[in-house]
Amino acid sequence: MLFLVGPSLAAQTDRPNVVVFLVDDMGLMDTSLPFLTDKNGNEVRHSLNEWYRTPNMERMARQGIRFSTFYAQSVSSPSRASIITGQNAARHRTTNWINPENNNRTPFGPRGWNWDGISKKTPTLPRVLQQAGYKTIHVGKAHFGRIGSEGEDPLNVGFDVNIAGSSIGHAGSYYGEHGYGHIKGQKARAVPGLKKYHRTNTFLSDALTLEANDQIDKAVAERKPFFLYMAHYAVHAPFETDKRFIGNYTDSNMSNKEKAFATLIEGMDKSLGDIMDHLQELGIAENTLILFLGDNGSDAPLGDEKGHTSSAPLRGKKGSEYEGGMRVPFIACWAKQDARYPQQKKLPIQAGVVQQQMGTVMDIYPTVLAVTGVERPKNYVLDGFDLATQLVGERNEARPEKFLMHFPHEHRGSYFTIYREGDYKLIYYYNPERPDRPAYELYNLKKDPIEIHNLATTDTRRVVEMMKAMVKQLEAEGALYPEDKDGNMLKPII
């Protein structure tokens, strides 16, 4: 079959473009798009879905597939490292968020944890794509390594272009008037570059979008397929109001901080729509895959850290060991549907449905390589799975229903490992101050998705079985463990 296409589209028909659209601190419920389902797999709306406004996420979902259970790590840097290495945090050992200036192993954290982050020698996703002829573009938050490390600069980890990425984990300010922290705000976290927007009223999310679309233009002009890693600083604190959208929330009885957070969500969503529109204007939308996700659970300024508040009905928020701290939105779609298109024939993403089988941040790497036809690096371990079968709406029977998240540091949830197998989720607490007294929690997520019925004392046989499987995987991935006050490593006690 022949297609009449413009020159920019024709130049790219043989190799698809890929956009990874990553939102900082966006949990599963920070959206008007429902991700949770009933027992029959039908979407269920909750009160937070009525509060937020994300029409472009809804647009993606209409023409693509979303996952009800997609796991990230519970904080930023571990997830970001997992996305571009394809490895679990226990293996790459960036197990905590990276404080750029000071080693934040926390009091009992492993001294050998990977504070440096990603190194030049790592065969990252952007590097492998770069070597295969893709133009690799980084826009926004990096947070791949500390100040002075190789990972500090995205150009060192496989990107051809770096806009606004450095060691910082949040923006000093979202306001162009404040120079994104250079003029006013937290200057130690001032966003690099973007000087042409200083002293203007260009909100940070919009400035990054303008820059991303400009880089897409350049890739098309160069007749090269591109990989765009669009990593917003939104919706991380500081919760500053995006004034373009505050009028949508003036009638609410929510606090000003909660309203500001909602405007950050809506501004991020506008960015998504602007990029999708731009791809269509260029005639390359049919050949561009978009993967949308968050990097950890919600940090919305709603309620307590381990209750059913910012991620309601899920329990917990960013940094916690509960589902609200580790489940994130994930949507995949072609930027414009056209079943006749060659790439879409190869991967006919199911439209308008919810995939209930688990996915994780480690899956991005092998999925992108499969879609682009780029070979996996030899002698390199990938912990993720190619999502192709799941993206077409089917179940991947070869995929084990398991997920391990290892957090040997202190945060809202401290010194724990999570192991999920099937419907059950085990939480193991190392308790470094009393190493002989670890703690256990066990939940049946099918029957108890809000994690209120701890079965650890009544289903002890399952606890033991899951602990053995958890330890086996930790050892296989070369995990580092918390340490007691004398520096002794604390391996799990079964």
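The values are calculated or read from the model by the stated rules, or taken from the named source; none is laboratory data. Not measured: the values here are computed from a predicted model. Here the Cβ positions follow ideal geometry from the backbone for every residue, glycine too, while neighbour counts run over all protein chains shown. Just the protein is used for accessible areas: all its heavy atoms, side chains included, with ligands, DNA and RNA removed. Shrake-Rupley method; radii C 1.70, N 1.55, O 1.52, S 1.80 Å.
Using C-alpha pairs below 8 Å separated by at least 6 residues, the relative contact order for the range 195-309 is 26 percent. For K447 and A237, FRET efficiency with R0 = 35 Å and r from the beta-carbon atoms, rounded to 0.05? Efficiency computed from Cβ-Cβ geometry: 0.50.
Please compute the contact order of the range 385-445 in relative form: average sequence separation of alpha-carbon pairs under 8 Å and at least six residues apart, divided by the residue count, as a percent. Mind dumping the intermediate values first?
Numbers: 85 pairs, mean separation 12.7, N = 61.
Relative contact order for the range 385-445 comes out at 21 percent.
Once you keep just the Cα pairs under 8 angstrom separated by 6 or more residues, what percentage relative contact order results for the chain? Intermediate results must be reported in sequence, preceding the final value.
On the way: 1183 pairs, mean separation 110.1, N = 494.
Relative contact order of the chain: 22 percent.
Let me know the shape class of the range 452-494, please: from the alpha-carbon gyration tensor, a ≥ b ≥ c as square roots of the eigenvalues, rounded when a/c is under 1.5, otherwise prolate if a/b is greater than b/c, or oblate. Intermediate values should be presented prior to the final figure.
Details: a/c = 2.90, a/b = 1.64, b/c = 1.77.
The shape class here is oblate.
Using a probe of 1.4 angstrom and keeping all protein chains present, the accessible surface of the range 448-494 works out to 59 square angstrom per residue.
For the pair S47 and V464, the difference between a 0.36 nm per residue extended length and the Cα-Cα distance amounts to 146.3 nm.
For M489 and E401, compute 0.36 nm times the residue count separating them, minus their Cα-Cα distance, and round to one decimal in nm. Spell out each step's value before the answer.
Numbers: separation 88, 0.36 × 88 = 31.68 nm, distance 2.92 nm.
Value of the extension gain: 28.8 nm.
In order along the range 95-107, phi translates into HN-Hα couplings of 9, 10, 5, 8, 7, x, 8, 10, 5, 9, 4, 6, x Hz, rounded to whole numbers, per the Karplus curve 6.51 cos²θ - 1.76 cosθ + 1.60 with θ = phi - 60° and x for Gly and Pro. In the calculated pair-distance distribution of the range 120-258, the portion above 28 angstrom amounts to 25 percent of the Cα-Cα pairs.
The lysine pair count for the range 88-233, using Cα distances under 23 Å and pairs eight or more places apart or on different chains, is 17. You can think of it this way: the chain between S252 and S119 has 43.2 nm of extra reach, that is 0.36 nm per residue less the Cα-Cα gap.
With all protein chains in place and a 1.4 Å probe, the accessible surface of the chain carries 48 percent carbon and sulfur. Listed by chain and number, the lysines whose alpha-carbon sits under 16 Å from that of K336, ignoring those within fewer than 8 places in the same chain, are K345, K346. Helices in the chain that qualify as membrane-span-like (whole DSSP H runs, Cα extent of at least 20 Å along the helix axis, mean Kyte-Doolittle hydropathy of -0.5 or higher) are 204-221, 256-282, 460-476.
Take the Cβ atoms of D277 and K346, set R0 to 25 Å, and the FRET efficiency comes out at 0.50.
Ignoring ligands, DNA and RNA, what accessible area per residue does the range 83-127 give at 1.4 Å, in Å²? Intermediate results must be reported in sequence, preceding the final value.
On the way: 1660 Å² over 45 residues.
Per-residue value: 37 Å².
Projecting the Cα atoms of Q473, P435, H411 onto the charge dipole of the range 399-492, computed from C-beta unit charges around the Cα centre, puts Q473 farthest toward the positive end.
Given the alternatives (i) 37, 28, 22; (ii) 31, 31, 21; (iii) 33, 25, 24, semi-axes √(5λ) of the Cα gyration tensor in Å as computed for this entry is given by (iii). Shape summary of the range 241-343, radius of gyration then Dmax from alpha carbon positions: 17.2, 50 Å.
Per DSSP H run of n ≥ 4, the term is -39500 (n - 2.57); total these for the chain, divide by its residue number, and report the mean residue ellipticity at 222 nm rounded to 500 deg cm²/dmol. The partial results should precede the final answer.
Details: 13 runs with 122 residues, N = 494.
Computed ellipticity for the chain at 222 nm equals -7000 deg cm²/dmol.
Out of the range 329-407, which trypsin sites (Lys or Arg not before Pro) are coil in DSSP terms and have no more than 10 other C-beta atoms within 10 Å?
Listed in order of number, the matching sites are R340, K378.
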